[in-house]
Structures are given as structure tokens and as C-alpha cells.
Amino acid sequence: MQQGKFSSLLGYINGYWSYLVLSLVLMVVELLLTFVSPLVLSVTIDSVLDDNPLNVAWYFAWFIDAVGGVEVIRQNLWIMAAAMVVLKALSGALTFLRSYANNKAGEGAVNKLRNRFYSHVQELPFKYHASAQTGDMIQRATNDIDAVRRFVAGNLLELLMTILIFVVGIFIFVPFDVFLSLFSLAHDCGILITPFVF
């Protein structure tokens, strides 16, 4: 996409940046919860039910210490079950709010674009309308504008989420297993390069 076209597209988002920023923040928190949720099950199986030493990141070690340590959790397994339920409920609420903010920004930007398009069509001279192909105009009014809505409301932030999953995942998984993290990184790089090669 040319720089001028992209900047004009971003012009339609003016007034809706707060929704996109809110959606981005919610997406980052949701992503972090996605990486933390498996740790609850992992710690429960490895360190609570079994006697393996606690080997988790500082943010999860803080949670374990806050509830009283591994021995307290061993006596009260419901704490880990409640933590899993709370994390999943919070993740679901964040997904809903993120989708709402995405759609609010996307629909608002598309509403501006549609209004400008219809205003432009109405100002065209009669001679143009007499010779124009109405099918092409209807396609632009529906399919092309809907493609812009899908980009603003979904694809733009999904691209950012994919990049964040890639970057945050590396920082979270390297402390657990460096070799497996590097292997996964090489695999992901292969997946990222494939669309550009073929």
C-alpha cells in the first residue's frame, strides 16, 4: 500500500484512536493472561501435586507466596482451581471489551468513509451517472468499504497481536528452556518467511 493511501486511511480513524489504543492495551493484557494461564496448571501438577521444586517466573512466584506458599496450596487445591476460573473469566471479559473497542473504531471509520463516498457520488454530474456502470459503484460502496472495515476493526490489531505473541512468547519461554525456545523461534521465522517467498 502506498504511503499516501495509508495515511488517508488513517485519517478516517481520527476520533477513534482512543478505542484503538484501548483495544491495544486490552490485547496486551489478554496476551499476558494467555501465557500465564498454563502456568497455573503446570505449577499445580509439577510442584503442588508432585514434589518438584518451584521453578516459575517472579510474577507467578509472587502469587504463590501471596496465597501462603506451596504447602498451603497443597492443602487447599481449590485456590488453583479458582485462579484458573478467574483467569479464564478475566480473559473472556477482556476479549469482549477488545472486540467492542475494535468494532467501535472500525464502524466509526467506515461510517466516515461511507458518508464521504455517498457525498462524492451525489455531487457528480448527471452525465457521469448516465454513463457510469452502477455495478461498479455498488461494489465500491459495499465490498471495498467493507474491506476497509475489516482492516481497521480486525486485521490491523491482529497483525500487532501476532507480533506481540512472537516477542512476548520468546521472553516468557526462554527462562524455562532456551533450546526449545530457539527451536520454536526458528520454526516461527520459517512460517513468517514462507508467504514472502511463495
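The values are calculated or read from the model by the stated rules, or taken from the named source; none is laboratory data. From a predicted model like this one, the values you see are computed outputs, not experimental measurements. Heads up, the Cβs are rebuilt from the backbone with ideal geometry, glycines too, and the neighbour counts pull from every protein chain shown. With ligands, DNA and RNA removed, areas are computed over all heavy atoms of the protein, side chains included. Shrake-Rupley method; radii C 1.70, N 1.55, O 1.52, S 1.80 Å.
Got a sec? Which of Val28, Val21 is over 20 Å from Asp177 (Cα atoms), at pLDDT 85 or above and open to solvent by 80 Å² or more (accessible area, probe 1.4 Å)? I'd like the intermediate steps shown before the answer.
Numbers: Val28 fails: open to solvent by 80 Å² or more (accessible area, probe 1.4 Å).
Of Val28, Val21, the one residue that is over 20 Å from Asp177 (Cα atoms), at pLDDT 85 or above and open to solvent by 80 Å² or more (accessible area, probe 1.4 Å) is Val21.
Residues that are over 23 Å from the mean Cα position of the chain (by Cα) and open to solvent by 30 Å² or more (accessible area, probe 1.4 Å) within the range 68-96 comprise Gly68, Val70, Glu71, Val72, Arg74, Gln75, Asn76, Leu77, Trp78, Ala81, Ala82, listed in sequence order.
Would you check if Ser181 is of a type in the set (S, T, N, Q), modelled with pLDDT of 75 or more and under 30 Å from Pro53 (Cβ atoms)?
On the way: of a type in the set (S, T, N, Q): yes; modelled with pLDDT of 75 or more: yes; under 30 Å from Pro53 (Cβ atoms): yes.
Against the criterion (of a type in the set (S, T, N, Q), modelled with pLDDT of 75 or more and under 30 Å from Pro53 (Cβ atoms)), Ser181 qualifies.
In summary, helices (runs of 4 or more DSSP H) completely within the range 114-166 and bearing 2 or more residues that are open to solvent by less than 70 Å² (accessible area, probe 1.4 Å) occur at 134-139, 145-150.
Search the range 93-132 for residues being of a type in the set (Gly, Ala, Ser) and touching a helix residue (DSSP H, G or I) at 6+ places or on another chain (Cβ under 7 Å), and hand back the single one that is modelled with the highest pLDDT. Talk me through it step by step, then tell me what you get.
Step one: filter the range 93-132 for residues of a type in the set (Gly, Ala, Ser), giving 93, 99, 101, 105-106, 108-109, 119, 130-132.
With the extra rule that they be touching a helix residue (DSSP H, G or I) at 6+ places or on another chain (Cβ under 7 Å), the set shrinks to 101, 105-106, 109.
Numbers: Ala101: 90, Ala105: 84, Gly106: 81, Ala109: 82.
Result: Ala101.
Let's see how each residue does on (1) under 21 Å from Pro175 (Cα atoms); (2) part of a helix (DSSP H, G or I):
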| residue | (1), (2) |
| --- | --- |
| Leu26 | no, yes |
| Val36 | yes, yes |
| Asn52 | yes, no |
| Tyr59 | yes, yes |
| Ile64 | yes, yes |
| Arg74 | no, yes |
| Phe96 | no, yes |
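Of Phe179, Phe196, which residue is open to solvent by 70 Å² or more (accessible area, probe 1.4 Å), closer than 28 Å to Tyr59 by Cβ and without any contact (Cβ under 8 Å) to a residue 24 or more places away in the chain? Steps first, please.
Numbers: Phe196 fails: closer than 28 Å to Tyr59 by Cβ.
Exactly one of Phe179, Phe196 is open to solvent by 70 Å² or more (accessible area, probe 1.4 Å), closer than 28 Å to Tyr59 by Cβ and without any contact (Cβ under 8 Å) to a residue 24 or more places away in the chain, namely Phe179.
For the range 76-91, state whether one or more residues are free of Cβ contacts under 8 Å to residues at least 40 places away in the same chain and hydroxyl-bearing (Ser, Thr, Tyr).
First, pick out the residues of the range 76-91 that are free of Cβ contacts under 8 Å to residues at least 40 places away in the same chain: 76-79, 81-82, 85-86, 89.
Narrowing further to those that are hydroxyl-bearing (Ser, Thr, Tyr): none.
No.
The set of residues from the range 58-77 being more than 20 Å from Leu33 (Cβ to Cβ) and either modelled with pLDDT of 90 or more or of a type in the set (Gly, Ala, Ser) (or both) comprises Gly68, Gly69.
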